[in-house]
Amino acid sequence: MTLPNQAPVVGSSISMTSYSEVLAAIADRPTDTAMVISVCNVHSVMSARKDPDLATALEGSDITTPDGVPLVWALRWTENPEQERVYGPTLMRRALREDDARKWRHYLYGSTEDTIVKLIGSIAEIAPEAQIVGHTAPPFRPLTEDEQRDHLDAIRESGADIVWVGLGMPKQELWMHAVRHQLPGVALVGVGAAFDFIAGNVKEAPLWMRKASLEWLYRLMKEPRRLWRRYIWNNPAYVILLARQLITAKFGRVSEA
């Protein structure tokens, strides 16, 4: 199995990859452990700077996709001018639609029962051939050992190829990192809010806003009380740290020359 190269973005290693490359990696995933794919944005990399467990989980992921446009820009400016965005909801939709060719079996892990019911209904419309072999909506609290064992047993017994994990960041990254060796041969893909987007609970930002890196502003307008602290503090801090990284890299190359 060949994994995409990674480049540092304000302290986290982000994969220089594409939708087709991620799907190909899933098809060629290992059999002795799970493959872990994390979709990353500014919130991910800024949180990892303060949370050592999250930083370890991200570094332990096989692929960390540039889900947020500011991360795409960072990769374009530093390592890969052709880098594209690998957006969690789109990755999930593409994998589901390709199910007819690959015959992948999908398991949904996360969110609530109501959302999963809506999600399954939406999947039936966008990818009628997709095989949904099971789902679990875990409680919004730490799992007991018995619950964790039961959930992993259910995933293994389902014969799932891909487990879509919608627990939210950082919970999904920590869970995938903790259980990867107990789910051999499975691809664990942490897609955050994709469950709500595809289920129709939350409307996605217009395409022009996503391309202009204004998705954060759209979401802030929709959920100001929940998100204002994240965006007001994280986004300016990210810009400063990225500028420092770019300047350091530039002058480092000059001094070496």
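Listed here are the residues, each with its yes/no results for (1) under 20 Å from Val179 (Cα atoms); (2) under 17 Å from the mean Cα position of the chain (by Cα); (3) not aliphatic (A, V, I, L, M).
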{"site": "Gly11", "(1), (2), (3)": "no, no, yes"}
{"site": "Ser18", "(1), (2), (3)": "no, yes, yes"}
{"site": "Ala25", "(1), (2), (3)": "yes, yes, no"}
{"site": "Pro52", "(1), (2), (3)": "yes, no, yes"}
{"site": "Gly60", "(1), (2), (3)": "yes, yes, yes"}
Quiz item: What number goes with the only condition from (1) within 27 Å of Lys211 (Cβ to Cβ); (2) surrounded by fewer than 16 Cβ atoms within 10 Å (Cβ to Cβ) that Gly121 does not pass?
Solution: (1)
Quiz item: Within the bounds of the range 108-115, is there any residue that is out of contact with any strand residue (DSSP E or B) (no Cβ under 9 Å at 6 or more places or on another chain) and exposed (fewer than 13 other Cβ atoms within 10 Å of the Cβ)?
Solution: yes
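When you check Leu58 against the structure, is it assigned to a helix (DSSP H, G or I), in contact (Cβ under 8 Å) with a residue 12 or more places away in the chain, hydrophobic (A, V, I, L, M, F, W, C) and in contact with a strand residue (DSSP E or B) (Cβ under 7 Å, 6 or more places away or on another chain), yes or no?
yes
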Exercise. Name every residue in the range 86-140 that is among the small types (Gly, Ala, Ser), in a loop (DSSP other than H, G, I, E, B) and at positive phi, in order of residue number.
Key: Ser111
Practice problem: Please work out if Trp175 is in a helix (DSSP H, G or I), in the same structural domain as Val45 (by TED's automatic domain parsing), buried (at least 21 other Cβ atoms within 10 Å of the Cβ) and of a type in the set (Phe, Trp, Tyr). | Solution: yes
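Yes/no matrix, rows are residues, columns are (1) part of a helix (DSSP H, G or I); (2) touching a helix residue (DSSP H, G or I) at 6+ places or on another chain (Cβ under 8 Å); (3) surrounded by fewer than 15 Cβ atoms within 10 Å (Cβ to Cβ); (4) of a type in the set (S, T, N, Q):
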| position | (1), (2), (3), (4) |
| --- | --- |
| Leu143 | no, yes, yes, no |
| Asp153 | yes, no, yes, no |
| Gly192 | no, yes, no, no |
| Tyr231 | yes, yes, no, no |
| Ala237 | yes, yes, yes, no |
| Ile240 | yes, no, yes, no |
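Residues checked against (1) surrounded by fewer than 16 Cβ atoms within 10 Å (Cβ to Cβ); (2) of a type in the set (Ser, Thr, Tyr); (3) modelled with pLDDT of 95 or more:
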position: Glu147; (1), (2), (3): yes, no, yes
position: Leu207; (1), (2), (3): yes, no, no
position: Arg244; (1), (2), (3): yes, no, no
position: Ser255; (1), (2), (3): yes, yes, no
Exercise. State whether the residues of the range 21-38 include one that is in contact with a Cys (Cβ under 9 Å, 6 or more places away or on another chain) and surrounded by 24 or more Cβ atoms within 10 Å (Cβ to Cβ).
Key: no
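Listed here are the residues, each with its yes/no results for (1) in a helix (DSSP H, G or I); (2) more than 21 Å from Leu246 (Cα to Cα).
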| residue | (1), (2) |
| --- | --- |
| Met1 | no, yes |
| Pro8 | no, no |
| Ile14 | no, no |
| Thr33 | no, yes |
| Met46 | yes, no |
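The values are calculated or read from the model by the stated rules, or taken from the named source; none is laboratory data. The structure presented is a predicted model; accordingly, all values stated were derived computationally and were not measured. Cβ sites come from the backbone with ideal geometry, for glycine too, and all protein chains shown count toward neighbours.
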